[in-house]
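Since the structure comes first, as structure tokens, the remarks are kept for the end.
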Amino acid sequence: MRSGDLKYLGYGFGVGASIAGFFFGGIFLILQIAKLDSGGPLAPIPTPPAAVESAPSPTETPAAATEILPTVTATAPPPTSTPTLPPPTATLSETEALIASGNLFFAGPLSRETQIRLYEASLAFVAPTYAESKKMAVAINQARFSDPSTTCGPLSVAILQKAGILSEELVAHDFFLINPDLGKDRLVIKSFFPPEKYSNTRRKVRIDREDWRANPLYPGDFLYLYAGTGGNFEHMLVVTRVDNLGRAYSVTNYNTEEGFVINEALLYDPADPNAGLFSQWTEKQYALLGSTGFAGYEIWRLKENQ
């Protein structure tokens, strides 16, 4: 065979091999497409990197673990310290509230404790209607026919006794309608308020014209009011408290349009000459309810703190 024939035979063999390659390659491609359509993978799926793997959700427990691990109920950690609660709000008593507001002010010879006792003792005798004051007068005087219109002396003594300032062995009724101008009555007064313990002052100044800033009354003071010209009754009382404005008060018996009552009343206000019983008892328009104090007053006061 000639060399030229061998050359052309090589070309023919190469062409045929190429055609056969394309033929088998096409068949392989068709088979791969068929596998793809049927859901088979074209190539293995790579495994994701470990760092990208997500941990199971806290609410999901793997099936294998549910048979091994017990169910654990989460609890809050104990507090590191006990919280501090605010202290309970204190409730003031009526007396403490009166002190805090300045309506119970401490002045004069009585100790703070005695002035508190005196004020609180006086409240036990409050009888704000005629019927109640009638019963109170009977109880104070130990006499069935006692009347609140004439119980001022025994009432004042009873208040001082309940406060522990006067002895309970004394008889309050001994001060019934007492008159310091009478020698025998003056002796009774001295037995209750002995000169060695009490000062005794007589001031002949109309009670509505007294300078109460210069001559203030103090808790525990026992007063006798003289009617004088224009007056129609004389009266006894004990000062039961003062306030921080210099006003004086007494639980005493006094006349009203509804009759006599026993109640706490303002005696005077140094800043207002028209306020209080001392003003009312010296004004003509109130004369039908009682007038007194035109001839001044007498006062018995402890000399030292008690």
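The values are calculated or read from the model by the stated rules, or taken from the named source; none is laboratory data. Since the structure is predicted, the reported quantities are computational estimates derived from the model, not experimental observations. As a convention, Cβ positions derive from the backbone with ideal geometry for all residues, glycine included, and neighbour counts pool all protein chains shown. With ligands, DNA and RNA removed, areas are computed over all heavy atoms of the protein, side chains included. Shrake-Rupley method; radii C 1.70, N 1.55, O 1.52, S 1.80 Å.
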The residue that is farthest from ILE262 (Cα to Cα), considering only those in the stretch 202-229 that are in contact with a helix residue (DSSP H, G or I) (Cβ under 8 Å, 6 or more places away or on another chain) and not charged (D, E, K, R), is ILE207
Turns out the helices (runs of 4 or more DSSP H) fully within the stretch 94-181 with at least 1 residues that are in contact with a helix residue (DSSP H, G or I) (Cβ under 9 Å, 6 or more places away or on another chain) and crowded, with 22+ Cβ neighbours inside 10 Å are 112-123, 130-141, 152-162
Criterion: out of contact with any Phe, Trp or Tyr (no Cβ under 8 Å at 6 or more places or on another chain), at pLDDT 95 or above, not in a loop (DSSP other than H, G, I, E, B) and not polar (S, T, N, Q) - qualifying residue of TYR218, TYR249, TYR224
TYR249
Residues that are open to solvent by 60 Å² or more (accessible area, probe 1.4 Å) and outside any strand (DSSP E or B), drawn from the stretch 188-205
LYS190, SER191, PRO195, GLU196, LYS197, LYS204
Does the stretch 248-301 hold any residues that are under 22 Å from GLN161 (Cα atoms), open to solvent by less than 20 Å² (accessible area, probe 1.4 Å) and touching a Ser or Thr at 6+ places or on another chain (Cβ under 8 Å), and which are they?
SER250, VAL251, THR252, ASN253, VAL261, ILE262, ALA265, LEU267, GLU298, ILE299, TRP300
For the stretch 230-246, give me each residue that is assigned to a loop (DSSP other than H, G, I, E, B) and either open to solvent by 40 Å² or more (accessible area, probe 1.4 Å) or under 18 Å from ALA163 (Cα atoms) (or both).
GLY230, ASN232, PHE233, GLU234, VAL239, THR240, ASN244, LEU245
